[in-house]
Amino acid sequence: MTIAVSILPDQRLAALNEIYRKAVARKRLRVALGAAAFVAALAIASVGAEVNLRTLFTYFGHFVSYFDRLLTLDSGSRVWTNIPEWLWGWKKWSLLLGETILISYVGTLFGAVLGFAFNFLAAENTSPGPWVRFIVKRLMEFCRTVPDIVFALIFVIAFGLGPMAGVLAITIHSIGALGKQYAEMVENIDMKPVEGLRSTGAGWIACMRFAVLPQVVAGFASVTLLRFEINVRSASVMGFVGAGGIGVELITAIRKFYYSDVSAILLLIILTVFVIDIGTGWVRGRLFGKERRA
Amino acid sequence: MTKRSMLETDGLRARYPDVFNRPVSSRLAWPSMLAGALAIFVFGLIHLGFSPIRMLNGIHQLGWISLMMLPPNPGASLPLYLRALGETLSIALLGTTLAAVFAFPVSLLAAKNIVPSNIFRFPIRRFLDTIRGVDTLIWALVWINVVGLGPFAGVLAIALSDFGALGKLFSEAIEGADRKQVEGIRASGGNALHEIRFGLMPQVFPVIAGQMLYFFESNTRSATIIGIVGAGGIGLQLAEQIRVLEWQKVSFLILMILIAVAVIDWISGKLRFAIIGPRAVA
């Protein structure tokens, strides 16, 4: 049995091959040009960022030995051989971690309430007017583009050192981030209930409350929990600029080279973040397990 | 009329007892949760030292600061700031690239369809989670201790913290890839590397490129932050000007950051469009 493979006449085959080669060559040229541009950008960037490969290799040893020192107690033994000594400050640290969580909780809640108030003005389908929408959207963009730690720096000067500045910084950032996410959700709703309500003569607020809110409340709660998780992480560094939480202890330990303290605090932060991750995941599952899994 | 509607209600009650007589536990669930949340909130306000007087004073101060910020004015240090901005962008680009280069092989190891064994995958995933659990600023501080002050520490900090995030996202992209292409390569006699290169890469590359662009964007923001602890870039200038209360320069720097982020947003949107095509831009 022979297998018939249809082969085109040479002439047509040559023409088709030519077209194919041209198409491939064009694509390859584009990829090569893209790659060249990327490499050039990298080269410029490495000059800009003062990168030096030789120093990197020398420093890599430092990096490894830094971690080695992080895991060594003052007495010279490994940290896990003497855990009470390693975590000697756990009482103070867990109080500060509690404060960190509280900062992000209060900040997220403030941000959620204000973001909630703003989002109906920013969503395309519920906004009372294009001007309001434009202004609110730009305002929220500003809130989330400026990093929260910059707000913290400014608030520390305005409100004084302490967790209040951290809370307000997180609030501002959460207004921007949550407001945007909320508004996107509101833009995706079904408009029929709103029309139904409006046809009965309901005002704007009543429309929002009874037609829009029931459709989005589960999604709102879900993204708010996620934001809380993110905020716990950023609250852990608010202390770097004096805005409360565990960050103060951490930056002191790093700056003063208390190596084992650094690793102990890092461990506690990582554990806290894990617990919060798992906790909010669990709450999300309990609240909306059946309807939505975001 | 009223009688009829009453009757209807009674009928509804009889037919749907669950809706009208919800158990006490489910009726109390929402109010008690709200009360709990509110209680923690109030406790937080008290514990964190919120008071109306401090709030008013602070807002008053903030008002002054905002007034003093106008108009934004760089003074004589515009070239310095432009160079710092360039440094920030360099940090973001190099950090993202470095993170992606290291994250890709690790993400292969963390993907279920490449390494089926749970014993290998689990520690790698936890390792990535641990790296992600630590904020970029903390990594920056660690790297400053290792390589000294300067933008290089910033590059390494961004690379390390994004390594965790990108590793996870890449491995998810790989797990979401279609099996059929890979099987096709194997059927035609390709080895494991061929499978990855020709079966997997064409599928995951657009996703990975999209994520890299997105991270470049967000790293422009992070790169401004890490300057605050001394890792170079525009954040260093910003933190310094805030500390010496040069508010006009501060507002100018913030404006610069906002514009840079907006421009990069726009460019990377275009690039993503070119790489992925209009279909998958999400």
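Please report, to two decimal places, log10 I(q)/I(0) for the range A:35-192 at q = 0.16, 0.20 Å⁻¹ as given by the Debye formula with identical point scatterers on the Cα atoms and no solvent.
After summing over all Cα pairs, the log10 values are -0.96, -1.08.
Length gain on complete extension for the stretch A:TYR20 to A:MET191, per 0.36 nm per residue less the alpha carbon to alpha carbon distance?
Numbers: separation 171, 0.36 × 171 = 61.56 nm, distance 5.02 nm.
Working it through step by step, the gained length comes to 56.5 nm.
Could you list which residues have their amide H under 5 Å from that of B:GLY232, counting only those 5 or more apart in sequence or on another chain, with H placed in the peptide plane?
Those qualifying (amide H under 5 Å, at least 5 residues apart or on another chain) are B:GLY150.
Over 29 Å between Cα atoms: which of A:LYS180/B:LYS180; A:LYS137/A:LYS192; A:LYS91/B:LYS112 fall into that group?
From the list (A:LYS180/B:LYS180; A:LYS137/A:LYS192; A:LYS91/B:LYS112), the Cα-Cα distance tops 29 Å for A:LYS180/B:LYS180; A:LYS91/B:LYS112.
If exposed trypsin sites (Lys or Arg not before Pro) are those in a DSSP loop with at most 12 other Cβ within 10 Å, what is the longest stretch of chain A that has none?
Working: sites that count: A:LYS256, A:LYS290, A:ARG292, A:ARG293.
So the longest stretch without any such site is A:1-255.
With an 8 Å cut-off on Cα pairs and a minimum separation of 6 or more residues, tell me the relative contact order of the range A:116-225 in percent.
Taking the mean separation of contacting Cα pairs over the length of the range A:116-225, I get 29 percent.
Report, in debye and to the nearest 20, how large the dipole of the protein assembly as shown comes out about its Cα centre when Lys and Arg carry +1 and Asp and Glu carry -1 on their Cβ.
In debye, rounded to 20, the protein assembly as shown gives about 1220.
Given Cα pairs under 8 Å that are at least 6 residues apart, what percent is the relative contact order of the range A:208-294? Numbers along the way, then the final one.
Details: 45 pairs, mean separation 21.6, N = 87.
Relative contact order of the range A:208-294: 25 percent.
Over all distinct Cα pairs, what is the inverse of the mean 1/r for the range B:196-255, reported as the Kirkwood hydrodynamic radius in Å?
Here the Kirkwood hydrodynamic radius works out to 13.6 Å.
Taking only C-alpha pairs under 8 Å that are 6+ residues apart, what is the relative contact order of the range B:95-202 in percent?
Relative contact order of the range B:95-202: 34 percent.
What spacing in nm lies between the two simple spin-label points modelled at A:ILE278 and B:ASP18, each 7 Å away from Cα in the Cβ direction?
Going by the 7 Å Cα→Cβ label model, 3.3 nm.
Tell me, what HN-Hα J-couplings in whole Hz come from the Karplus equation 6.51 cos²θ - 1.76 cosθ + 1.60 at θ = phi - 60° for each residue of the range B:155-162, using x for Gly and Pro?
Computed from phi, the couplings for the range B:155-162 are 4, 5, 5, 5, 4, 5, 6, 6 Hz.
Straight-line reach from A:LYS92: which lysines fall under 21 Å, measuring Cα to Cα and dropping same-chain residues less than 8 apart?
Partners within reach: A:LYS256.
Could you check how many percent of all C-alpha pairs in chain B are farther apart than 32 Å?
Taking all Cα-Cα pairs of chain B, the fraction more than 32 Å apart is 52 percent.
Considering only protein heavy atoms, with the full assembly of protein chains and a 1.4 angstrom probe, order B:ILE114, B:ILE208, B:ILE53, A:ILE83 by accessible area, largest first.
B:ILE53, A:ILE83, B:ILE114, B:ILE208
If the only charges are +1 at each Lys and Arg Cβ and -1 at each Asp and Glu Cβ, what is the size of the charge dipole of the range A:42-143 around the Cα centre, to the nearest 20 debye? Before the final figure, lay out each step's value.
Values: 8 positive and 7 negative charges, 23 e Å.
Charge dipole of the range A:42-143: 100 debye, to the nearest 20.
How many angstrom lie between the Cα centre of the range A:96-159 and the Cα centre of the range B:70-100?
A separation of 25 Å, based on Cα centres.
If you line up the Cα atoms of the range A:96-177 on their principal axes, what length do they span on each, largest first, in Å?
44, 22, 17 Å, listed from the longest principal axis down.
Based on the inverse mean of 1/r over its pairs of different Cα atoms, what is the Kirkwood hydrodynamic radius of the range B:1-138, in Å?
This gives a value of 23.8 Å.
Using the Cβ atoms and a cut-off under 14 Å, what net charge is assigned to the surroundings of A:PRO128, where Lys and Arg are +1 and Asp and Glu are -1?
On the way: positive: A:ARG133, A:LYS137, A:ARG198; negative: A:GLU124.
Net charge around A:PRO128: +2.
What is the spin-label model distance, in nm, from A:LEU213 to A:ASP10 if the labels are put 7 Å beyond Cα along the C-beta direction?
So the two model labels end up 8.2 nm from each other.
Expressed as a whole percent, how much of the Cα-Cα distance distribution for the range B:137-282 exceeds 18 Å? Spell out each step's value before the answer.
Values: 7091 of 10585 pairs.
Summing the P(r) tail past 18 Å for the range B:137-282 gives 67 percent.
Just to make sure I understand: if all protein chains stay in place, what is the order of A:PHE240, A:PHE57, A:PHE110, A:PHE142 by accessible area at 1.4 Å, largest first?
A:PHE57, A:PHE142, A:PHE110, A:PHE240
B:MET69: accessible area at probe 1.4 Å, nearest 10 Å²?
30 Å²
Just the Cα atoms of the range B:135-207: what Rg and Dmax do they give in Å?
Expressed in Å, the Cα Rg and Dmax of the range B:135-207 come to 18.1, 54.
Sort A:ASP261, A:ASP277, A:ASP10 by accessible area with a 1.4 Å probe, largest first.
Numbers: A:ASP261 20, A:ASP277 50, A:ASP10 125 Å².
Listed by decreasing accessible area, they come as A:ASP10, A:ASP277, A:ASP261.
So what is the calculated 222 nm ellipticity per residue for chain A, using -39500 (n - 2.57) for each DSSP H run with n of 4 or more, over all residues, to the nearest 500 deg cm²/dmol?
The helix-only estimate for chain A comes to -26000 deg cm²/dmol at 222 nm.
Enter the accessible area of B:LEU12 (Å², nearest 10), with the probe set to 1.4 Å and all protein chains included.
70 Å²
How well do other chains shield peptide B:218-224, expressed as the mean number of their Cβ atoms within 10 Å of each residue Cβ?
Per residue, the average neighbour count from other chains is 2.
Quote the FRET efficiency, to the nearest 0.05, computed for A:GLU85 versus B:ALA29 with a Förster distance R0 of 41 Å and r equal to the Cβ-Cβ distance.
Working: r = 45 Å, r/R0 = 1.10.
After rounding to 0.05, the efficiency reads 0.35.
Counting every Cα pair in chain A, what percent are over 24 Å apart?
Tail of P(r) above 24 Å: 69 percent of Cα pairs.
Return the average number of partner chain Cβ atoms within 10 angstrom of each residue Cβ along peptide A:151-163.
So the per-residue partner count for this stretch is 5.
Using the crude model of +1 on Lys and Arg Cβ and -1 on Asp and Glu Cβ, and no other charge, please compute the dipole size for chain A relative to its Cα centre, in debye to 20. List each step's numbers first, then the result.
Working: 29 positive and 19 negative charges, 164 e Å.
Magnitude of the dipole: close to 800 debye.
Can you compute the helix-only [θ] at 222 nm over chain B? Use -39500 (n - 2.57) per DSSP H run of at least 4 residues, normalise by all residues, nearest 500 deg cm²/dmol.
Result for chain B: -26500 deg cm²/dmol, rounded to the nearest 500.
Counting only other residues whose beta carbon sits under 14 Å from that of A:LEU161, what net charge do I get with K and R as +1, D and E as -1?
Spelling it out: positives minus negatives among the neighbours equals +1.
The values are calculated or read from the model by the stated rules, or taken from the named source; none is laboratory data. Because the structure is predicted, anything quoted here is derived from the model rather than measured. In this analysis, Cβ positions are derived from the backbone assuming ideal geometry, glycine residues included, and neighbour counts consider all displayed protein chains. The area values use the complete protein model at the heavy-atom level, side chains included, leaving out ligands, DNA and RNA. Shrake-Rupley method; radii C 1.70, N 1.55, O 1.52, S 1.80 Å.
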